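What follows is calculated from the coordinates using simple rules that are stated; it is not laboratory data. Bear in mind the structure is a predicted one, so any value in this text is a computation, not a measurement. Don't worry about glycine lacking a Cβ; one is built from the backbone with ideal geometry, like all the others, and counts go over all protein chains shown.
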Amino acid sequence: MPPITKPKLAVWKFSSCDGCQLALLDCEDELLAVADAVEIAYFLEATRAEISGPYDISIVEGSITTEDEAHRIQRIRASSKILIAIGACATAGGIQGLKNNREVRELVDKVYAHPEFISSLATSTPVADHVQVDFELRGCPIDKYQLLEALNALLNGRRPNVPTHSQCMACKMAGHVCVTVAHGTACLGPVTQAGCGAICPEFSRGCYGCFGPADAPNTRSLSARFEALGLKGEDISRLFRMFCSAAPAFDGEARNHE
């Protein structure tokens, strides 16, 4: 009887902080089950071992911000049966996307002592702008239980079950008081996809939009509410230009106030 071969799992890093990759290591008790179900072929945060492809599942963290990354993601896509983009950087350009509306050379000259050594694309873009992505997990960072659900589902040939409703619904289910209604706090919850457990409203802070736009977000209506709270155009634009500033829905609304 031939030996049973496990699916090959590879985890790749692009322009990012590594926080979403660490969500896999944060699975703790569940990590043993993951390691037993797959062969970890490439994951620099966890092991030096490298096993060549093709890979059954590739998990990609980070945005495409350099020319080298633009070429590398093509090679990874070509050697992967399933590709999952994880985190705000990989799904919406991340914090790096803030440079998309600025002159990059000007920023580089101000930040680096030797800007001549810096090579960067003019924009920071999601993985899906460059290759076909089979599934996306939102968040900054992602929720580890959503990651486990995605791996379980894709390894067993089904669609992952993750929420697509807004953070407002998550707040209601958790019994949190609405910070906008109760305190006049600006909050992106109505237009942001659920997934974090509504952490910020739980502590009387407005949602920062870490999980990106929910389905069909009414950003114009929310901006009107912000204006009623006394926020000016620049303030509203900054709210939408945070973790997922390159997401079309957030980027478009930010431009409306610039």
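Can you report the principal axis dimensions of the chain using only the alpha carbons, biggest first, rounded to whole angstrom?
The Cα atoms of the chain stretch 71, 51, 28 Å along their principal axes.
So how do 140, 244 line up by other beta-carbon neighbours within 10 Å, fewest first? Can you show the working numbers first?
Values: 140 24, 244 32.
Neighbour counts put them in this order, fewest first: 140, 244.
With charges set only on the Cβ (+1 for Lys and Arg, -1 for Asp and Glu), what does the dipole of the chain come to about its Cα centre, in debye to the nearest 20? Intermediate results must be reported in sequence, preceding the final value.
Numbers: 24 positive and 31 negative charges, 96 e Å.
Result for the chain is approximately 460 debye, rounded to the nearest 20.
So what's the net charge close to residue 153: Lys and Arg +1, Asp and Glu -1, counting the other residues with Cβ under 13 Å from its Cβ?
Working: positive: 158, 159; negative: 134, 149.
In short, 0.
Quick one, could you list the DSSP H helices from the chain stretching 15 Å or more along their long axis (Cα atoms) with average Kyte-Doolittle hydropathy of -1.0 or above? Write out the running numbers ahead of the final one.
Numbers: long enough: 67-78 (17 Å, -1.51); 144-155 (17 Å, 0.57).
Length and hydropathy pass: 144-155.
What is the local net charge at residue 142, summed over the other residues whose Cβ is closer than 13 Å to its Cβ (Lys, Arg +1; Asp, Glu -1)? Write out the running numbers ahead of the final one.
Working: positive: 138, 144; negative: 18, 26, 61, 136, 143, 149.
Net of charged neighbours comes to -4.
Rounded, prolate or oblate: pick one for the range 1-76, where a ≥ b ≥ c are the square roots of the eigenvalues of its C-alpha gyration tensor, a/c under 1.5 means rounded, and failing that, prolate if a/b is larger than b/c, else oblate. Show your work: numbers first, answer last.
On the way: a/c = 2.84, a/b = 1.40, b/c = 2.03.
Oblate is the answer for the range 1-76, as a/c is 1.5 or above yet b/c matches or exceeds a/b.
Place +1 on the Cβ of every Lys and Arg and -1 on the Cβ of every Asp and Glu in the chain, take the dipole about the Cα centre, and give the residue among 76, 40, 257 whose Cα lies farthest towards its positive end.
My answer, from the dipole projection, is 257.
Give, as a single signed number, the net charge of other residues whose beta carbon lies under 9 Å from the beta carbon of residue 6, with Lys and Arg counted +1 and Asp and Glu -1. Working shown, then result.
On the way: positive: 8; negative: 36, 39, 56.
Here the count lands on -2.
Go through 13/172; 144/232; 13/144; 8/172 and tell me which ones have a Cα-Cα distance over 29 Å in this structure. Kindly include the intermediate steps, with their values, before the conclusion.
Values: 13/172 35 Å; 144/232 37 Å; 13/144 17 Å; 8/172 40 Å.
Violating the 29 Å Cα-Cα cut-off are 13/172; 144/232; 8/172.
From the P(r) of the range 49-144, could you give the percentage of C-alpha pairs in the tail past 19 Å?
Roughly 46 percent, once rounded to a whole number.
Just rank 110, 8, fewest to most, by other beta-carbon atoms within 10 angstrom.
Arranged by neighbour count, lowest to highest, 110, 8 become 110, 8.
Neighbour counts of other C-beta atoms within 10 Å: give me 39, 258 arranged from fewest to most. Kindly include the intermediate steps, with their values, before the conclusion.
Working: 39 15, 258 11.
Ascending number of Cβ neighbours within 10 Å: 258, 39.
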